[in-house]
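The values are calculated or read from the model by the stated rules, or taken from the named source; none is laboratory data. No experiment lies behind these values; they were computed from the predicted model shown. For neighbour counting, all protein chains shown are included, and Cβ atoms are generated from backbone atoms with ideal geometry for every residue, glycine included. Surface areas here come from the heavy atoms of the whole protein model, side chains and all, with no ligands, DNA or RNA. Shrake-Rupley method; radii C 1.70, N 1.55, O 1.52, S 1.80 Å.
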Amino acid sequence: MAINKTGLNILEKSKNNLSIYIHIPFCNSKCEYCAFNSMVANSSDKKRYFNDLVAEIKLQSQIYSGYYSVASIYIGGGTPSSMDYYYIRDLLQILYKNFAVKNTVEITIEINPNTIDKNKIREYILAGVNRFSIGLQTTNPKLLKEMGRTHTVEDYEKAVNMIREFGIKNISTDIIIGYPKQKVSQVKDTINYLLKLGIPHISVYMLQVEQDTKLKVLVDNGSVGVPNDDTVIEMYNLVSNTLMTNGYNRYELSNFAKPSYESYHNKVYWKRKDYLGIGLSAHSYISGRRFANTDNIVEYAEKLEVKKQIPITSIKSLTEQEKKEEFVMLSLRTSEGMNLEEYKEEFEENFLSKKKNTVARLIKGGFIILTKDNKLICTTKGLLVLNQVVLELADDL
Ligand SMILES: C[S@@+](CC[C@H](N)C(=O)[O-])C[C@H]1O[C@@H](n2cnc3c(N)ncnc32)[C@H](O)[C@@H]1O
Ligand code: SF4
């Protein structure tokens, strides 16, 4: 990996950690349910986007590289593996040239099972990738088709085996629960399959029927119906209990990991640490300010190519109340919960004295617990109504 290790160690001592997200907005086809900023594109569009990304990395590094060392990089999408491998390799090389990247850096790439081959995997690993996140969604072939997925379960297993042949164990897999027509037994099959394969990190997403998706049209015109809340809860509990009894830690509402396989990058989001998003519609959080790039690819290109500017469209400095709300909302998603000492340190006030009655009521209802080391942690019951719990705890802080 092209990192100057000797140089880095000196730099790292004086720098804060930064995580970088790079958005690749391309897929080979669009899934029925997906509202992520991604599109099917030709090779010249991909090349142009790559050049724009390079321009953005250089501009961003002029602002941040002096203050930060990069502790994690997440190449997400869309489907990064739908790009030719050399784009990913070159993007990483350009990041190494423009930022101080720690030698312990976690580098994740999102891949789709049928956009990958041995050569791509080899090149990713040589470029520094050390964590693979694969979208499977379900092992049921009929459901895969209904979701608009173009791969099979066999493609998925082949991808896992290829990655493992290169000695990489750090593999994550995404699945969806609560899809129209999905049965609890199918969720059970999917989770048992992943257990059998020994996948050490599993992300379990409850379906969101998003605006501007093919699925939304089908749900709205009554062609399909989503499972009722009780069924989705049954699915979630099944996944959660099965994984936890098999040695996985539910380190966040949707994320389960075997010991030492928790994603550093994921945790940065929930701990409100600094991260920089590069690419179309990428979001950032740096020093208490949230900002986002444009989600319009024409504007993205124009800003970088013509105006030579970072294509930011919105910047928001959070108020104290908003920071407190985020603290509550993000920490309660995690198994570490909300650390009341850290809250006190950051906001110079005692959370418990302010929310005594609400906390007592939520504890009595079995939604949260208060640990001896002063943390509020959501129970499974609380996680299933997390929005409500957060609303009550974060109200009027
Ligand atoms: C940004 S996608 C990228 C992954 C990769 N392109 C793939 O599909 O294999 C990350 C994950 O988000 C989840 N996802 C996307 N749309 C969703 C939705 N509407 N509801 C719930 N989960 C969703 C899927 O599990 C998907 O794997
Ligand atoms: S789920 Fe993944 S492959 Fe499907 S459209 Fe979304 S980003 Fe693309």
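The table below gives the values:
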| item | result |
| --- | --- |
| Failed criterion for ALA41 (all others in (1) open to solvent by 20 Å² or more (accessible area, probe 1.4 Å); (2) more than 16 Å from ligand 1 (Cβ to nearest atom); (3) among the small types (Gly, Ala, Ser) hold) | (2) |
| Positions within the range 107-123 being more than 16 Å from ligand 2 (Cβ to nearest atom) and within 23 Å of PHE36 (Cα to Cα), in sequence order | ILE107 |
| Odd one out for THR104, checked against (1) within 13 Å of ligand 1 (Cβ to nearest atom); (2) open to solvent by 10 Å² or more (accessible area, probe 1.4 Å); (3) under 22 Å from the mean Cα position of the chain (by Cα) | (1) |
| Counted residues, the range 33-89 - those being over 29 Å from VAL209 (Cα atoms) and within 15 Å of ligand 2 (Cβ to nearest atom) | 0 |
| Inter-residue pairs, beta-carbon under 7 Å, first more than 16 Å from TYR33 (Cα to Cα) and in the range 138-157, second open to solvent by less than 40 Å² (accessible area, probe 1.4 Å) and among the aromatic types (Phe, Trp, Tyr), 6+ apart | THR139/TYR193 |
| Residue check, GLN208 open to solvent by 10 Å² or more (accessible area, probe 1.4 Å) and more than 24 Å from THR245 (Cβ to Cβ) | yes |
| The range 208-235 residues that are in the same structural domain as TYR179 (by TED's automatic domain parsing), paired with ones that are acidic (Asp, Glu) and open to solvent by 80 Å² or more (accessible area, probe 1.4 Å) (beta carbon under 8 Å, 6 or more apart) | none |
| Members of the range 211-220 that are within 24 Å of the chain's Cα centre (by Cα) and within 21 Å of LYS142 (Cα to Cα) | THR213, LYS214, LEU215, LYS216 |
| The lone exception for LYS308 - which of (1) within 19 Å of SER65 (Cα to Cα); (2) open to solvent by less than 10 Å² (accessible area, probe 1.4 Å) it fails | (2) |
| Top-ranked residue of the range 180-210 - restricted to ones that are within 20 Å of the chain's Cα centre (by Cα) and part of a loop (DSSP other than H, G, I, E, B), ranked as nearest to MET39 (Cα to Cα) | GLU210 |
| Single match in LEU391, LEU376, LEU386, LEU370 (criterion: surrounded by 18 or more Cβ atoms within 10 Å (Cβ to Cβ) and within 23 Å of GLU252 (Cβ to Cβ)) | LEU376 |
| Where THR139 falls short, out of the listed (1) in contact with a helix residue (DSSP H, G or I) (Cβ under 7 Å, 6 or more places away or on another chain); (2) surrounded by 23 or more Cβ atoms within 10 Å (Cβ to Cβ) | (2) |
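One line per residue, one yes/no per condition, for (1) closer than 25 Å to PHE36 by Cα; (2) touching a helix residue (DSSP H, G or I) at 6+ places or on another chain (Cβ under 7 Å); (3) free of Cβ contacts under 8 Å to residues at least 60 places away in the same chain; (4) buried (at least 19 other Cβ atoms within 10 Å of the Cβ):
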{"site": "LYS316", "(1), (2), (3), (4)": "yes, no, yes, no"}
{"site": "LYS323", "(1), (2), (3), (4)": "no, no, yes, no"}
{"site": "SER335", "(1), (2), (3), (4)": "no, no, no, no"}
{"site": "TYR343", "(1), (2), (3), (4)": "no, yes, yes, yes"}
